[in-house]
1. For region 237-279, how many residues are modelled with pLDDT of 95 or more, in a loop (DSSP other than H, G, I, E, B) and open to solvent by 30 Å² or more (accessible area, probe 1.4 Å)?
2. Do you know which residues across region 157-191 are open to solvent by less than 30 Å² (accessible area, probe 1.4 Å) and closer than 18 Å to Gly359 by Cα?
3. I'd like the full set of residues that are without any contact (Cβ under 8 Å) to a residue 60 or more places away in the chain and either in a loop (DSSP other than H, G, I, E, B) or of a type in the set (A, V, I, L, M) (or both), limited to region 147-171.
4. Taking region 360-383, which residues are of a type in the set (A, V, I, L, M) and surrounded by fewer than 21 Cβ atoms within 10 Å (Cβ to Cβ)?
5. Quickly run through region 91-123 and pick out the residues that are open to solvent by less than 60 Å² (accessible area, probe 1.4 Å), under 19 Å from Arg156 (Cβ atoms) and among the basic types (Lys, Arg).
6. Filter region 408-431 for residues that are in contact (Cβ under 8 Å) with a residue 40 or more places away in the chain and not in a loop (DSSP other than H, G, I, E, B) and give the result.
7. Which one is farthest from Thr95 (Cα to Cα) among residues in region 124-156 that are crowded, with 16+ Cβ neighbours inside 10 Å and acidic (Asp, Glu)?
8. Which of (1) without any contact (Cβ under 8 Å) to a residue 60 or more places away in the chain; (2) more than 30 Å from His121 (Cα to Cα); (3) out of contact with any Gly (no Cβ under 9 Å at 6 or more places or on another chain) does Met444 not meet, given it meets every other one?
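The values are calculated or read from the model by the stated rules, or taken from the named source; none is laboratory data. These numbers were taken from a predicted model, which means no experiment stands behind them. Heads up, the Cβs are rebuilt from the backbone with ideal geometry, glycines too, and the neighbour counts pull from every protein chain shown. Surface areas here come from the heavy atoms of the whole protein model, side chains and all, with no ligands, DNA or RNA. Shrake-Rupley method; radii C 1.70, N 1.55, O 1.52, S 1.80 Å.
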Amino acid sequence: MIIFIDFSKTSLNHQIIFDAELLRRYDKSGPRYTSYPTAVQFRSAGSTSAAGAGMRESGHTGFTEADYQDQAKRSNASAAPRPLSLYFHLPFCDTVCFYCACNKVVTKDRKRASPYLGRLHREIALQAQLFHRSRTVEQLHWGGGTPTFISHEEMRELMEVTREHFRLRDDDKGEYGIEVDPREVRPETLAVLRSLGFNRLSMGVQDFEPAVQKAVNRIQTEAETFAVLKEARALGFRSINMDLIYGLPHQTVESFGRTLEKIITAGPDRLSVFNYAHLPEMFKPQRRISTSDLPSPQEKLNILQLTIERLTQAGYVYIGMDHFARPDDELAAAQRNGTLYRNFQGYSTHAECDMIGMGITAIGMVGDCYSQNQKTLEDYYAVLDSGHLPVMRGIVLDDDDKLRREIITQLICHFMLDLNAVERVRGIRFADYFAAELADLKVMQQDGLVEVDAKSMRVQPAGKLLIRNICMVFDRYLREKQEQRYSKVI
């Protein structure tokens, strides 16, 4: 069945063809491209990767703290040093949600936050030594875990330490966001966060149906959820986002439709509607979910179709992947003016920033490198206690990586690629450099997913829900078929 959805009343070139047969045929595992190369390719000290072809002359070698420091130094020395984006990972959760694949520490003991935050303060000081004080923090984000797990006083201290070492904005024009669990919002929590400079907020909802909430161990009432939304608006938070998940146990088209109607009535500025990836062999909490309770692949497709129809009818713009936004939201505006970007926090309006990741498992993007911190509290504490940055692994991008990242970013953010511009900036002949990729795209062209000519590549309405598949064509590491695990694209 083919459904044509017209977005033209809300934005230019926002049309989707929902072709269930195409979606079934192309539904395979693949990266979400919050980075390229993806985190699977990051290397720790002493490891190497095989050499490729094209621009790549040698294989990637192991990544060390010294490599990260060198990239920071190069970034500072550039003619126009970029502004900064700070990401802080606060991993603690009071209870475990069975669907969760995030890096987290589940505990009822609130005192466990104190030693972690002490080390985080040390990391902030070490990182700040690498970057010129003149570089303004345009973007800041607390993610988790559950950032609201920590006390109000701990929140104040963390922001105070950050402000002591980095140049934060004081005019409320930065994009300073936090992930909030409505169940963890205490009296004055939002007011405290707003006073600290936060002006963006994202909250998890997932599903309001009692049977679904019980099956995933996340009991969250509509009243507490919408109370947070109401208070956040009153305090001046902007671009408020809500997360939903489809594919959870006991979900049906009818039941998810009820959740959608309640969310649409509330009217958040943005919505992220994620596809649940059931990988119990990789994520232990998911073993508590019975496969027999999950909706069938066809039911998941029907839920996705309903979601797109309902949200677009309600005036939301389909940004890409799993994201929707109101036409006047910053994400929609960035997509219209060509400045939308994608990083480890999803779609972003700040493409020009070096991103410093702090806390366990945090990923940063500085200069021409990606880096990731230690994954366990014990290792994170030990490295910081020895006076070093807790860099565990990473990768320095070569020219081929940067070229392919640029292509994938343009496609996943704007659904088009100017081939002439790529040739002019990168000094290549696109048809020669990407001969194998263009040959692979012919099947997608025949299926109506993409149009390619000598000047440009344009993702068609039938291809927008399959943008990950199109991007995968340009992923050299997938082409080299190195072993990796990813979620399904639909």
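1. Count: 3.
2. Those that are open to solvent by less than 30 Å² (accessible area, probe 1.4 Å) and closer than 18 Å to Gly359 by Cα: Leu158, Met159, Val161, Thr162, Phe166, Tyr176, Gly177, Ile178, Val180.
3. Matches in region 147-171: Ser151, Met155, Met159, Val161, Leu168, Arg169, Asp170, Asp171.
4. Leu377, Ala382, Val383
5. Start the filter on region 91-123 by keeping residues that are open to solvent by less than 60 Å² (accessible area, probe 1.4 Å), which leaves 91-101, 104-105, 107, 113, 115-121, 123.
Retained after the next criterion (residues that are under 19 Å from Arg156 (Cβ atoms)): 92, 113, 115-121, 123.
Across region 91-123, the qualifying residue is only Arg119.
6. Result: Ile408, Thr409, Leu411, Ile412, Cys413, His414, Met416, Leu417.
7. Filtering first and then ranking leaves Glu138.
8. Result: Met444 fails condition (3) only.
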